[in-house]
Ligand code: AMP
């Protein structure tokens, strides 16, 4: 595995691979890698033999008072994991490398970017899209792999890529969970054992919704089912439960047919957790 920090080194490595006729698959991350991240890399490898992983904790997508400073950083552990699983290039740019002194957002997430996670984290999605666009420009991948765990991110990245990066295929990989159902997240490191138990309720609520839909529940009944489960554990401070159309992110109402996503966000202890599940009506 080649480790590069500057865009010049990255470009040289990628140009050489492309000259050899290889396609490039890209997995952007913020590090503190877990099995969820590694599953994206396995998925990337199915699409291209040259896999680039970036680790960059993007200051632009953290709001004031959020966890940018304390976000877990474990670069040497991460590099060892990537070496073992086998990636072609690990790209760990500095803020200067990527932003070149210009820390303004260059991408707008639009109206959907103000909802759900965007309502709780103003400007988060503009900052996320800005860094993803910069990374896409630097890596010039044929494929980029994102986790379904961050459903609103996937929706917005697909929207941006379709407009700005034609020819780039966005691949979505399923959410990897612990045995108890909790979706893996770098932020799970913040959870105490007691918090962890509380956090399990989020995936339990999603499973309950899925069961409700399997037995013919309407969108409203399915959402209520998740809400009832969350209400049993008030220690998980519910921010939102929302059922949205997977293709438009618009709210789903009774009578809807097609692919929907049930989104949940809750704060457990000090930690904001999100999860979702796809439900077809
Ligand atoms: P992050 O490092 O949190 O920015 O995440 C990097 C990528 O990993 C994003 O595309 C996430 O959606 C994805 N990811 C995070 N957690 C999981 C998980 N539990 N399963 C699958 N993908 C995940």
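Bear in mind that the values in this text are calculations on the coordinates, not laboratory data. All figures in this text were calculated on a predicted structure; none of them were measured in a lab. Note that each Cβ is placed from the backbone with ideal geometry, even for glycine, and that neighbours are counted across all protein chains shown.
Need pairs with beta-carbon distance below 8 Å; first residue without any contact (Cβ under 8 Å) to a residue 60 or more places away in the chain and at positive phi and within the range 108-120, second surrounded by fewer than 22 Cβ atoms within 10 Å (Cβ to Cβ) and assigned to a helix (DSSP H, G or I); sequence gap 6+ or separate chains.
110/159
In the range 220-238, which residues are free of Cβ contacts under 8 Å to residues at least 24 places away in the same chain and surrounded by 14 or more Cβ atoms within 10 Å (Cβ to Cβ)?
Across the range 220-238, the qualifying residues are 221, 224, 225, 227.
Restricting to the range 159-181, give me the number of residues that are within 12 Å of the ligand (Cβ to nearest atom) and either in contact (Cβ under 8 Å) with a residue 60 or more places away in the chain or within 18 Å of residue 45 (Cα to Cα) (or both).
Matching residues across the range 159-181 total 7.
Hey, among the residues in the range 135-158 that are closer than 19 Å to residue 60 by Cβ and away from the ligand (no atom under 13 Å from the Cβ), which one's nearest to the chain's Cα centre (by Cα)?
136
Which count do you get for residues in the range 34-58 that are within 18 Å of residue 171 (Cβ to Cβ) and touching a helix residue (DSSP H, G or I) at 6+ places or on another chain (Cβ under 8 Å)?
Count: 8.
Being surrounded by 14 or more Cβ atoms within 10 Å (Cβ to Cβ) and at positive phi narrows it down to one of 36, 65, 21, 31, so name that one.
31
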